[in-house]
Amino acid sequence: MGGIEGTEPPSKRVKLPLGGSNSFVADSSLRNTNPVACSLGDSMARPLPSHGDGEMVGSKGVIKKSEFVKIITRALYSLGYNRSGAILEEESGIPLCSSVANEFMQQVVDGKWDDSLATLQKIDLLDENSVKVATFLILEQKFLELLKIGQYDAALDTLRNGLVPLRINVSQIHELAACVIAPSKCLTLGLPSQDIDVAKSRSKLLEKLQKLLPASVMIPERRLEHLVEQALDVQRDACAFHNTMDCDISLYSDHHCGRNRIPNQTIQILQGHSDEVWFLQFSHSGKYLASSSKDQSAIIWELIKGQLNLMVKEDGNVSLKHVLTGHRKPVLVVSWSPDDHQLLTCGLEEVVRRWDVSSGECLHVYEKNGVGLISCGWFADGRGIFSGMTDKSICLWHLEGRELECWKGQRTLKISDMAVTDDGKIISVCRESAILLLDREANFERVIEEDEIITSFSLSKDNKFLLVNLTNQEIHLWNIDGEIKVVAKYKGHKRARFVIRSCFGGLGQAFVASGSEDSQVYIWYRDSGELIMSLPGHSGAVNCVSWSPSNLHMLASASDDRTIRIWGLKNRLNSIRPEVSQSNSKVVHPQSNGRT
């Protein structure tokens, strides 16, 4: 099946020095094609007798030396260290590829299609289907190149007597046949218009062929990187306290996170409220922290610029930005808008206020005659808010205050926890021991039933799990994606009289943290429910906790002792700078992890 094979001048074959680069994917002209290596983008050392096939390396004797050396050689070529790869082949006596594989690839680069098909049959370990697919790809390339130079009879012969008898990719064969009638259609099939582009198309063909060859014949691209990544995955999965970003994992030693990678040390005490602090929440970006209090105020705190987006390495200082006043009753909860530009605050059976985060200005007050508001939240698009009412209904409001919808009946209780999923489902406590999942678009409801009274809940970032706090001093983790069921339980914290809230946190939200009436913060493994640690420091009940979404090592807690504690890593304490008091607030940096 000659035809095109004589249309190009023969490649100039020379013996390359060790530093020579003769890639079959290089952007070189076909008229000056050098012999190719067996790997994409690699240079080729001369074929050497193979050594070390039976030798083993490594302390456990399970790594074959020949395979180990070949994978290293492949990595060197992939990284562009062609000379080093060639030297390793020569010095070890272990060639990267067999002479048959090298010959096959050189023939493809040179456009010697009949020869490449014959050599293909000599490659060991190729199954019948792979041979068929490889043959199709080679003949397809031959067909397109014949069309390009105007040899239509030879192209038709390749199509009829080469491609069609393979009986695969019938739809592609129809497309190729159409190219004979309308050659311009070949452009849609990737046929280049310049000689140098033909070289690129042959290189792409080799990439496809490489994937069909057995790994023992052609080591997969980036095989060493893949093996290292697998090893890191194993170490990461085995890491008991894993809370480190991938970019901070080193190859120099085995990875292990100790307890010191979990927030465990008070690095700041925020004293801006004059009464019990009931609720707090980091903004979605982690740039701000909002708190609410029995003193009828809310405060927006800000992480010092330059330290808020350092995901792991810095704990950052927190400073007071705005004190929000105007409520006439204790402020139950706060809720950040999706873009963090606005904040909602909800008074105890009172009103909901919407604030501008930048200026601290109150933008709107949401209220309803004869009915108090007890909870609030934002829809995912930020165009509306929702609120639970004292008459047990749920209302949806336009940002400017117009009531859009109101769902009557037993939709909520006098509990200030509500949430909305990214796809618009509303979650609220509808009975003392039940949580309602309301899909308003599908007009469908589901209910989570507990045996004990529910005091609060928290929705995971991926909207698939709920943390439910109960009066029996347990926290249950519910899967709400698909089959609704309890998948973990957490115990150890104390709850007798007050509403105690918990949260997800850490890398992949792999941990659960909770307040407690014994003045401590508790942290568990999310999946196993095992208690990791308890953090003393507060002198009153810890009502709420919030884990920073942008700093794996920062946790905040709110307490009846009127303070907010910022928890970080122990080794960061000594680097914290003193903070100047602002307004009537105090920002204290403790000397130890005890009370100040």
Evaluate the distance, in nm, between pseudo-label points positioned 7 Å from the Cα of A442 and of H341 along their respective Cα→Cβ axes.
3.3 nm
Region 77-98 and region 487-530: distance between their alpha carbon centers, rounded to Å
55 Å
Accessible area of region 133-283 belonging to carbon and sulfur atoms, whole % at 1.4 Å probe:
53 percent
Short version: ³J(HN,Hα) in whole Hz for each residue of region 531-547, in order, from phi by Karplus 6.51 cos²θ - 1.76 cosθ + 1.60 (θ = phi - 60°), x for Gly and Pro, what are they?
6, 8, 6, 10, 10, x, x, 5, 10, x, 3, 8, 8, 7, 9, 8, 9
Signed unit charges on C-beta, dipole axis of region 65-128, positive-most listed residue A101, I123, G111:
A101
Rounded to the nearest 0.05, FRET efficiency between V365 and N260 (Cβ-Cβ, R0 60 Å) equals 0.85
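Give, in nm to one decimal, the length gained when the segment between R222 and R328 is fully stretched (0.36 nm per residue of separation minus the Cα-Cα distance). The partial results should precede the final answer.
Numbers: separation 106, 0.36 × 106 = 38.16 nm, distance 6.43 nm.
Stretched out fully, the R222 to R328 stretch lengthens by 31.7 nm.
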Residue separation between E90 and L399 times 0.36 nm, minus their alpha-carbon distance, gives in nm 104.0 nm
Computed ³J(HN,Hα) along region 514-524: with the Karplus parameters 6.51/-1.76/1.60, θ = phi - 60°, integer Hz and x for glycine or proline, the list is 8, x, 6, 6, 8, 6, 10, 9, 10, 10, 10
Can you list residues whose amide H is under 5 Å from Q342's amide H, if they're 5+ apart or on another chain and H is modeled 1.01 Å from N?
S337, V357
Charge dipole of region 460-566 built from unit charges on the beta carbon (Lys, Arg +1; Asp, Glu -1), centred at mean Cα; most positive-end Cα among N551, G508, T471 is T471
For F457, what residues show an amide H to amide H distance below 5 Å, using hydrogens built from the backbone and excluding near sequence neighbours?
N469
Find the centroid of the Cα atoms in region 224-273 and in region 322-388, then give the distance between the two in whole Å.
37 Å
Region 101-117 and region 141-184: distance between their alpha carbon centers, rounded to Å:
20 Å
Read phi for every residue in region 553-563 and hand back ³J(HN,Hα) as whole Hz from Karplus 6.51 cos²θ - 1.76 cosθ + 1.60, θ = phi - 60°, with x for Gly and Pro.
10, 10, 9, 10, 9, 10, 9, 5, 7, 6, 10
Just grab the label-to-label distance for D248 and D153, each label 7 Å out from Cα along the Cβ direction, in nm (one decimal).
7.3 nm
In Å², rounded to a whole number, the accessible area per residue of region 66-127 with probe 1.4 Å is 42 Å²
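Relative to the present Cα-Cα distance, how much length would full extension add between S358 and I168 at 0.36 nm per residue of separation? Let's see the in-between values first.
Values: separation 190, 0.36 × 190 = 68.40 nm, distance 6.37 nm.
Contour length minus the Cα-Cα distance gives 62.0 nm.
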Long-range HN-HN contacts of C544 with modeled amide H, under 5 Å:
R501, A558
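The values are calculated or read from the model by the stated rules, or taken from the named source; none is laboratory data. These numbers come from a predicted model, not from an experiment. Every residue, glycine as well, gets a Cβ built from its backbone with ideal geometry; the counts of neighbours run over all protein chains shown. To get the accessible areas, we keep the full protein, side chains included, count just its heavy atoms, and leave off ligands, DNA and RNA. Shrake-Rupley method; radii C 1.70, N 1.55, O 1.52, S 1.80 Å.
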